[in-house]
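Nothing in this text is a laboratory measurement; each read-out follows from the coordinates by a stated rule. Everything quoted here is computed from the prediction, not taken from an experiment. In this analysis, Cβ positions are derived from the backbone assuming ideal geometry, glycine residues included, and neighbour counts consider all displayed protein chains.
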Amino acid sequence: MTVGSGETVVLLGSNGNGKSTLMKCITGLIKPDKGEIILDVDGHKTDLVGKTPEEVVTAGISMVPEGRRLFPALTVEENLYLGAYRKVARVKITENLEFVYEVFPRLKERRSQLAGSMSGGEQQMVAVARGIMSDPAILLVDEPSVGLAPNLVSHMIGKIRELKEKKNLTVLMAEQNFNQAIKIADRGYIIVHGEIEFT
């Protein structure tokens, strides 16, 4: 499987087929049993297998996890600041915060609200915006449609597309909703029982 610079690639498949596991392998949360995960930046190749999550983030990869995983007792803005722990992101924290507020104006309006008191759609906005705060080159998005009403899913997919275009991101997204996934994907892979079956 390959993901080219500037592409949006979607992993499709039902629950339990390995989409999230693959993303966790890329981010260093799980060590794969075999194979390699190569990050190629301007011809400089790095095998990510065995790297810690911190090393993966430092390499420029950020993940928006399934289920949002926010800190409910912290405000929206405090959750966003937690995404900016890369050294390069801390330097640009004000710029990145202004950028995410431009893309997600509702978050600016609610920046002092506790994240746990927000709707599911708003929490998903916070999770995606937090992923951008680390100023990544590659954004992994795991199941952004889970638990959202159909109109909110379409809105969220549109926002991910907008972020990709404005930040010139490479995006790898795991998704079950085929109809929404094809709206954003340059290419896709269908995963069945942990194996890539179709491209």
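Computed values, structure above
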{"item": "Choice from 100, 141, 41 showing the highest fluctuation, given a GNM over the chain with Cα pairs closer than 10 Å", "result": "41"}
{"item": "Under Karplus coefficients 6.51, -1.76 and 1.60, residue-wise ³J(HN,Hα) of region 95-102 in Hz, glycine/proline x", "result": "4, 5, 5, 4, 4, 5, 5, 5"}
{"item": "Distance from region 36-114 to region 120-155 (C-alpha centre basis), Å", "result": "12 Å"}
{"item": "Long-range HN-HN contacts of residue 104 with modeled amide H, under 5 Å", "result": "none"}
{"item": "Value of Rg to Rh for region 8-198 (Rh from inverse mean 1/r over Cα pairs, i.e. Kirkwood)", "result": "0.95"}
{"item": "Distant-in-sequence amide H partners of residue 63 (H built 1.01 Å from N, under 5 Å)", "result": "140"}
{"item": "Reachable aspartates and glutamates from residue 159, criterion Cα separation under 12 angstrom, eight or more residues apart if same chain", "result": "102"}
{"item": "Farthest toward positive dipole pole in the chain [+1 Lys/Arg, -1 Asp/Glu at C-beta], among 65, 44, 173", "result": "65"}
{"item": "Tilt relative to the chain, helix 120-132 - C-alpha long axis, 0 to 90 degrees, to 10", "result": "70 degrees"}
{"item": "Kirkwood hydrodynamic radius over Cα pairs of region 7-87, then Stokes diffusion coefficient at 20 °C and 1.002 mPa s, in µm²/s", "result": "147 µm²/s"}
{"item": "Full-stretch length increase - residue 117, residue 94 - with 0.36 nm per residue and alpha-carbon distance subtracted", "result": "5.8 nm"}
{"item": "Within straight-line cross-link reach of residue 45, lysines at Cα separation under 28 Å, skipping those fewer than 8 residues along the same chain", "result": "19, 24, 31, 34, 87, 92, 164, 166, 167"}
{"item": "Dipole in debye (nearest 20) - the chain, about Cα centre, beta carbon charges: Lys, Arg +1; Asp, Glu -1", "result": "380 debye"}
{"item": "Given charges at Cβ of Lys, Arg, Asp, Glu: region 8-198 dipole, positive-most of 84, 16, 74", "result": "74"}
